[in-house]
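Step one of this worksheet: look at the structure below.
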Amino acid sequence: MRPLVDPEFWRGRAVLVTGHTGFKGAWLTLWLQQLGAQVAGLADGVPTAPSLYELAQVGDTVQEFRADVRDRVAVHDAVATSAPEVVVHMAAQPFVRRSFADPHGTYETNVMGTVNVLEAVRATPSVRAVVVVTSDKCYDNDPSRPPRPFVEGDPMGGHDPYSNSKGCAELVADAYRRSFFAADDGARIASARAGNVIGGGDWGEDRLIPDFMRGALAGEPIAVRNPEAVRPWQHVLNPLSGYLRLAQALHEEPELQGGWNFGPALDDARPVRWIADRVSELWGDELRWELDPGPHPHEAHYLALDSSKAREQLGWQPSWGLDEALTSIVRWYRALRDGADMREVTLGQIRDFAAGRLAA
Ligand SMILES: NC(=O)c1ccc[n+]([C@@H]2O[C@H](COP(=O)([O-])OP(=O)(O)OC[C@H]3O[C@@H](n4cnc5c(N)ncnc54)[C@H](O)[C@@H]3O)[C@@H](O)[C@H]2O)c1
């Protein structure tokens, strides 16, 4: 039986990852390098310091394009020069809070950035498959709707500019698929919706695990906002395995174009309070958390994804559950604290994940 992420498929294949300097992009780029793909990356810089990108020397073996996705000429040149067969588009302004401060920049980056990438793909015949990464927040999370997990056909929406921009990016991908990529020999366009991914190497602002780990490394108590909010937590490698599996499948089956949910098992949707308690327990050293009274911007309260489509049609499932995710994260930051080679640590976690285990 072929593995979910098939090394035979990826070996030697040209892949462009936008946002390769970011948290998810750095993990994906390392994984693709481990699979033997020829990876190119496009990003406007490195979003955090420190970063997984720098700690794991992700840039050393990538053809890099320093470009802004809002610059259509630069995006076109990067796609034309790298001539990829697969594009995974992840470059985005990914923060809800920042989207309130800069709605214009958020829409430009997340919506027109997606238009620019798809325009560049139209002009580049080598491209066979595109995965546009959006978010679970792309759905219309109307508080009056019954609290059931979202399925792919649910309406797009989004209360805040970030979520809404991801709903818009979904609509853009859909319009391009219908208008410009309908031919059998054209590129195949899919979008991927996942949310709240966690893993080693994240220093993003206003995110639970980075906030915890900053506190843990500094030996300070962690400030927690919205402790009762339930979120569908999962390790970053779970949706990344879905993106890779989806790109593989698009090559063979054009009818798989469209939107895909990649969410965790439903019982891995836990309140923030539970995560805080478990991370404190795993880290030890009397790591404590306390309530951050706010103010906090609006965040939708219940968000869960129904991933039956990916399970049934792609054979995808989250390989690591929540406890494996939290254990691997605590190990990752402890290794960092202890001065380990973080490229090796990260590649080791990818190997474990691909083998469906977590080394003792
Ligand atoms: N991390 C999560 O929990 C999460 C959840 C749902 C969806 N997503 C989506 O996954 C993708 C990656 O998120 P992440 O957590 O890795 O974010 P990140 O901030 O760590 O990385 C963002 C990447 O995009 C690049 N980028 C940002 N603006 C750009 C611009 N104008 N031009 C070119 N590059 C630009 C950054 O340089 C970086 O490489 C995003 O599309 C995000 O919306 C993330």
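The values are calculated or read from the model by the stated rules, or taken from the named source; none is laboratory data. Computed from a predicted model, the values in this text were never measured in an experiment. So basically every Cβ, Gly included, is an ideal-geometry build from the backbone, and we count neighbours across all protein chains shown. For the accessible areas, the whole protein counts, side chains as well, though only heavy atoms, and no ligand, DNA or RNA atoms are used. Shrake-Rupley method; radii C 1.70, N 1.55, O 1.52, S 1.80 Å.
Among the residues of segment 98-105, is there at least one that is within 14 Å of the ligand (Cβ to nearest atom), closer than 22 Å to Arg245 by Cβ and touching a helix residue (DSSP H, G or I) at 6+ places or on another chain (Cβ under 6 Å)? Within segment 98-105 (the criterion being within 14 Å of the ligand (Cβ to nearest atom), closer than 22 Å to Arg245 by Cβ and touching a helix residue (DSSP H, G or I) at 6+ places or on another chain (Cβ under 6 Å)), the answer is no, since none of the residues qualifies.
Looking at segment 138-257, the helices (runs of 4 or more DSSP H) lying wholly inside it that each contain 2 or more residues that are of a type in the set (Lys, Arg) and more than 13 Å from the ligand (Cβ to nearest atom) sit at 161-180. Beta carbons closer than 6 Å, at least 6 apart along the sequence or on distinct chains, pair a first residue in segment 192-205 that is more than 17 Å from Arg231 (Cα to Cα) with a second that is near the ligand (Cβ under 9 Å from one of its atoms) and assigned to a loop (DSSP other than H, G, I, E, B) for Trp203/Thr48.
A quick yes/no check of all residues on (1) open to solvent by less than 10 Å² (accessible area, probe 1.4 Å); (2) on the phi > 0 side of the Ramachandran plot; (3) charged (D, E, K, R):
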site: Thr114; (1), (2), (3): yes, no, no
site: Leu118; (1), (2), (3): yes, no, no
site: Val121; (1), (2), (3): yes, no, no
site: Pro125; (1), (2), (3): no, no, no
site: Val130; (1), (2), (3): yes, no, no
site: Cys138; (1), (2), (3): yes, no, no
site: Asn141; (1), (2), (3): no, no, no
site: Arg148; (1), (2), (3): no, no, yes
site: Pro155; (1), (2), (3): no, no, no
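The condition (being among the hydrophobic types (A, V, I, L, M, F, W, C), buried (at least 20 other Cβ atoms within 10 Å of the Cβ) and at pLDDT 90 or above) is satisfied by just one residue among Ala304, Ala269, Ala325, Ala340: Ala325. Taking every residue in segment 208-234 that is free of Cβ contacts under 8 Å to residues at least 12 places away in the same chain and pairing it with any residue that is crowded, with 21+ Cβ neighbours inside 10 Å and among the aromatic types (Phe, Trp, Tyr), at least 6 positions away or on another chain, the pairs with Cβ-Cβ distances below 9 Å are Pro210/Phe23. Yes or no: segment 228-243 includes at least one residue that is hydrophobic (A, V, I, L, M, F, W, C) and more than 26 Å from Thr327 (Cα to Cα). No. Selection of segment 168-225 for residues being touching a helix residue (DSSP H, G or I) at 6+ places or on another chain (Cβ under 7 Å), closer than 17 Å to Leu336 by Cα and of a type in the set (D, E, K, R) yields only Asp202.
Picking from residues in segment 42-60 that are out of contact with any helix residue (DSSP H, G or I) (no Cβ under 6 Å at 6 or more places or on another chain) and open to solvent by less than 10 Å² (accessible area, probe 1.4 Å), the one that is farthest from Pro210 (Cα to Cα) is Ala43. Tell me yes or no: at least one residue of segment 237-251 is surrounded by fewer than 18 Cβ atoms within 10 Å (Cβ to Cβ) and either free of Cβ contacts under 8 Å to residues at least 12 places away in the same chain or not hydrophobic (A, V, I, L, M, F, W, C) (or both). Taking every residue of segment 237-251 in turn, at least one turns out to be surrounded by fewer than 18 Cβ atoms within 10 Å (Cβ to Cβ) and either free of Cβ contacts under 8 Å to residues at least 12 places away in the same chain or not hydrophobic (A, V, I, L, M, F, W, C) (or both). For segment 1-15, filtered to residues that are among the aliphatic types (A, V, I, L, M) and within 12 Å of Ala37 (Cα to Cα), the residue that is least open to solvent (accessible area, probe 1.4 Å) is Val15.
Quick grid of which residues meet (1) modelled with pLDDT of 95 or more; (2) in contact with a Pro (Cβ under 6 Å, 6 or more places away or on another chain); (3) more than 17 Å from Val87 (Cα to Cα):
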residue: Gly113; (1), (2), (3): yes, no, no
residue: Asn116; (1), (2), (3): yes, no, no
residue: Thr124; (1), (2), (3): yes, no, no
residue: Val131; (1), (2), (3): yes, no, no
residue: Thr134; (1), (2), (3): yes, no, no
residue: Cys138; (1), (2), (3): yes, no, yes
residue: Asp142; (1), (2), (3): no, no, yes
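When restricted to residues that are crowded, with 21+ Cβ neighbours inside 10 Å and under 12 Å from Val117 (Cα atoms), segment 68-83 contains 4.
If a residue counts only when it is over 27 Å from Gly339 (Cβ atoms) and within 12 Å of the ligand (Cβ to nearest atom), which helices (runs of 4 or more DSSP H) contained entirely in segment 1-63 have at least 3 such residues?
none
Scanning segment 245-274 for residues that are more than 19 Å from Leu305 (Cα to Cα) and not polar (S, T, N, Q) returns Ala247, Ala249, Leu250, His251, Glu252, Glu253, Pro254, Glu255, Arg273, Trp274.
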